[in-house]
Amino acid sequence: MTTQHITVDVNGTSQEADVEPRLLLVHFLRDTLGLTGTHVGCDTSNCGACTVHVDGVSAKSCTMLAVQADGRSVKTIEAMADGANLHPLQQAFWDQHGLQCGFCTPGMIMQAAWLLEENPDPSEEEIRWGISGNLCRCTGYVNIVKAIQQAAGELNAADSAPVVAAETTEGQAVTAEPAAAG
Amino acid sequence: MIPGQFDYVRPGDLDQVLAILKAREGEAKILSGGYSLIPLIKLRLAQPGVLVDLRDVTGLDRIVETDDHLSIGAKATHRQIHETPVIRDTYLLLHDVTGTIGDPQVRNWGTIGGSVAHADPASDWPAVLLAGNASIVLRGLSGDPHRLRVGDNPAAAGDAVRERVLPARGFFLDAFTTAIEPLEVLTEIRFPRRPRGQGGGWQKLERKVGDFATVGVAAVIRLAPDGRIEGSGIGVTGVADAPFAATDAEAVLNGNTPSDDLFRQAGVAAGAQSRPAADVRGPIDYKRAMVAEMTVRALDTALERARANA
């Protein structure tokens, strides 16, 4: 068994490991690093439950080898919350009941996060196209779309908030970030 | 699913890629994105001995329009092509197809070169290459590929690099089988530059978003100043062992004035030329009927765009 040495920045931490070339990125994340928030769903690149960001671009980690991520940065669902403060997408999925069983949710949120980075103010149709590589068997997608719309609104408000706040007190601009938006 | 074992290399340039293809002939597969190849390896339908990742080979993702053609580097992702201004503004057929391949994650990472070389009989790109009379550029080593032994250094053996430019028509030989030789790597796809009076359309019938095409039809027509069709291309995917050019439909179109009736005749000809298999996506008669319908719809779009470009 031949292994290769890889270095991957995962959620801001440099991770090194000797891996077999056949090790899938999702198994590197879950089994080697213990980051089990990323799920394995269909295991055939259909369902999107394993979606993470690789160099800022959404990818299905069951269809990428760990060696392909060598030298790259990977972001998983574990990096979304800021301590006890949920990311606006996580809070919005909670508020809008964007999940039942929750199995698809990490992948859905990572795909939605990428979508909102590309298109901060998507229409409902653009959201539906944007998550068309992610399957949910519980919700019928209606509440997922609502959640992404809510998060888009909050993220846009948060983006503009510091500009307003900066005119008053700089200190508040820092704390006025996502959680305050509503 | 756990893939079988294989080696993985990431050479820094094409010469090294070719050297590895030669040293490991018969067991090497090029990796360019992986959204088709890795699922096959996971299912153990493919068991390459070594994957040669093109990731570190630079200069293979350029998209450039010259006086003669539109050149797309093999490593260009579907999304990159979709968002390139000249394609969004001028090559609408290519803009359309790159919006329907797989799903967003597949389009983020999957590449035109990977897709074309993989040659899935139901993939979208081959139909577009056939309709658009594209060419495929291959880089390979000249000389006797069987002269060297595993471990020899082909570069030191004095092999010259050669380039072949093959027309898309004749390139897709069978399911997952193309005219690429074992010691060649696909580097570029070239479409003829879009002339005045030409337009293209793409129609993909799929059971659900992200599925492979039940039927996919790409149509290109070029109008003469008098309004007649002076040239056409119809590429069809999903309904034969390999994507094919519906030459019978093109013969119906060429030299004639566009009309609903003419397009319907062309559609029926394309359906008759298809060789679908009955499967979960439908029975044979249904698929032939859908080839006809998708051909008509693709031609309608192509005509509208050709007139807008007169």
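The numbers here are math on the coordinates, done by the rules we state, and not lab data. Predicted model only: the values in this text are computed from it and were never measured. Because the Cβ atoms are built from the backbone with ideal geometry, glycine has one as well, and the counts that use them run over all protein chains shown.
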Could you count how many Lys pairs in the protein assembly as shown have their Cα atoms under 26 Å apart, skipping same-chain pairs fewer than 8 positions apart?
20
Highest to lowest packing among A:84-92, B:289-297, scored as the average C-beta count within 10 Å:
B:289-297, A:84-92
Using only Cα atoms, find the angle between the long axis of helix B:284-308 and the longest principal axis of chain B, and express it within 0 to 90 degrees, rounded to the nearest 10.
80
Can you give me the convex hull volume of the Cα atoms of the protein assembly as shown, divided per residue and expressed in Å³?
172
Within 10 Å of each Cβ in peptide B:1-9, how many partner chain Cβ atoms are there on average? Round it to a whole number, please.
5
Pull up all non-local amide H partners of residue B:141: gap of 5 or more, or a different chain, and H-to-H distance under 5 Å with H placed in the peptide plane.
B:162
Please label the shape of chain B as rounded, prolate or oblate, based on the square roots a ≥ b ≥ c of the eigenvalues of the alpha-carbon gyration tensor (a/c under 1.5 means rounded; beyond that, a/b larger than b/c means prolate, else oblate).
prolate
Sequence-distant or interchain residues sharing an amide H contact under 5 Å with residue B:65, placed H: which?
B:71
So, with +1 on the Cβ of K and R and -1 on the Cβ of D and E, and no other charges, what is the size of the charge dipole of region A:78-149 about its Cα centre, to the nearest 20 debye?
360
Measuring from the longest principal axis of the C-alpha atoms of chain B, the long axis of helix B:14-23 (C-alpha) lies at a number of degrees, nearest 10, equal to 70
Report the charge-dipole magnitude of chain A in Debye, nearest 20, computed about the Cα centre from +1 at each Lys and Arg Cβ and -1 at each Asp and Glu Cβ.
680
Using the Karplus equation 6.51 cos²θ - 1.76 cosθ + 1.60 (θ = phi - 60°), what ³J(HN,Hα) coupling, rounded to whole Hz, does each residue of region B:52-69 give in order, writing x for Gly and Pro?
10, 7, 7, 3, 8, 7, 8, x, 9, 10, 6, 10, 9, 9, 9, 5, 9, 8
Total charge dipole magnitude, chain B, about the Cα centre, Cβ charges on Lys, Arg, Asp, Glu only, Debye to nearest 20
300
Give me the inter-chain shielding for A:63-69: mean count of other chain Cβ atoms within 10 Å, whole number please.
6
Rounding to the nearest 10 and keeping the result within 0 to 90°, find how far the Cα-based axis of helix B:260-273 lies from the longest principal axis of chain B.
40
For the pair residue B:230 and residue B:285, how long in nm is the line joining their label points, each one 7 Å along Cα→Cβ?
4.3
On a C-alpha basis, how far is the centre of region A:49-127 from the centre of region B:110-131 in Å? Whole number, if you could?
29
Region A:3-55: relative contact order in percent, alpha carbon pairs under 8 Å with at least 6 residues between:
21
Using amide H atoms built 1.01 Å from N in the peptide plane, name the residues 5+ places from residue A:42, or on other chains, whose amide H lies under 5 Å from its own.
A:47, A:48, A:49
Which one, A:36, B:257, A:63, is farthest towards the positive end of the dipole of the protein assembly as shown when Lys and Arg carry +1 and Asp and Glu -1 on their Cβ?
B:257
Take the Cα atoms of region B:195-310, build their convex hull, and give its volume per residue in Å³.
90
Just from the alpha-carbon atoms, what are the Rg and Dmax of region B:60-193 in angstroms?
16.0, 50
Two decimals is fine: what is log10 I(q)/I(0) at q = 0.25, 0.28 Å⁻¹ for region A:4-79, from a Debye sum with one equal scatterer on every Cα and no solvent?
-1.21, -1.53
Put +1 on the Cβ of each Lys and Arg and -1 on the Cβ of each Asp and Glu in chain A; which of A:113, A:12, A:103 then has its Cα farthest toward the positive end of the dipole?
A:103
Looking at B:110, B:51, B:282, which one has the Cα that reaches farthest to the positive end of the dipole of chain B (charges on Cβ: Lys, Arg +1; Asp, Glu -1)?
B:282
Structure-based [θ]222 nm, chain B - -39500 (n - 2.57) summed over DSSP H runs of at least 4, per residue, nearest 500:
-9000 deg cm²/dmol
Given contacts defined as C-alpha pairs under 8 Å and at least six residues apart, what's the relative contact order of region B:170-233, whole-number percent?
21
Part-to-part distance (alpha-carbon centres) for region B:257-298 and region B:208-233, which is given in Å:
12
